[in-house]
Amino acid sequence: GYCVFWIVTNAMHCPYCMGHVEMVWEVTGLGRDEIAARSAALARGDMSGFSKAERDALQFARKITLTPAEINREDCDRLRAGFGEERAFYLVLNSSRYNYM
């Protein structure tokens, strides 16, 4: 969830919100070095540390932020395939909400 928020805030160039994400990562137990490594990897577009389903979610978050008119059924079908109907719904909902925030 929070990596999706990081992707949205990065695409919007909002370091303020990215800082919130990183604070939440710290609260959940990630160390500062882990947070820095995760942020750096995501900033480079390196999603190799994530599963295919997670990469699909991160790519969806970037796409809905930068080119929302290009979201199509295939994008949503990939989320459904990786996460199931309910979790895919929440990924779409939260990706949209993060853009609103």
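Give the angle, between 0 and 90 degrees and rounded to the nearest 10, that separates the Cα long axis of helix 52-66 from the longest principal axis of the Cα atoms of the chain.
It works out to around 90 degrees.
Tell me, what is the per residue accessible area of the chain in Å², probe radius 1.4 Å?
Per residue, the chain has an accessible area of 62 Å².
If we sort 25-33, 91-99, 4-12 on the protection proxy, mean other Cβ atoms within 10 Å, highest first, what's the order? Display every interim value, and only then the final one.
Values: 25-33: 10.9, 91-99: 18.0, 4-12: 21.4.
With the highest mean Cβ count within 10 Å placed first, the list reads 4-12, 91-99, 25-33.
Mind putting together the pair-distance distribution for the range 50-101? All Cα pairs, 10 Å bins, whole percent per bin, short to long.
Histogram of Cα-Cα distances, whole percents per bin: 27, 61, 12.
Under a Cβ-Cβ limit of 4.7 Å, which cysteines in the chain have nobody to pair with?
So, C3, C76.
Quick one: if you take sqrt(5λ) for each eigenvalue of the C-alpha gyration tensor of the chain, what semi-axes come out, biggest first, whole angstrom?
Details: eigenvalues 98, 44, 30 Å².
Semi-axes from the Cα gyration tensor: 22, 15, 12 Å.
Between helix 32-44 and the chain, what is the angle of the helix's C-alpha long axis to the longest principal axis, kept within 0 to 90° and rounded to the nearest 10?
Result, in degrees: 40.
How far, in nm, would the chain grow between V24 and Y100 when pulled straight, counting 0.36 nm per residue and subtracting the alpha carbon separation? Each step should come with its number before you reach the end.
Numbers: separation 76, 0.36 × 76 = 27.36 nm, distance 1.92 nm.
Length difference between fully extended and current span is 25.4 nm.
For the chain, which whole-number percentage of the solvent-accessible area (1.4 Å probe, protein heavy atoms only) is attributable to carbon and sulfur atoms?
Carbon plus sulfur share of accessible area: 56 percent.
Could you check the simple spin-label distance between E34 and Q59, using points 7 Å along Cα→Cβ, in nm with one decimal?
For the pair E34/Q59, the computed spacing is 2.7 nm.
The values are calculated or read from the model by the stated rules, or taken from the named source; none is laboratory data. Since we're looking at a predicted model, the values are computed, not measured. Neighbour counts are summed over all protein chains in view; Cβ atoms, including those assigned to glycine, are modelled from backbone coordinates with ideal geometry. The area values use the complete protein model at the heavy-atom level, side chains included, leaving out ligands, DNA and RNA. Shrake-Rupley method; radii C 1.70, N 1.55, O 1.52, S 1.80 Å.
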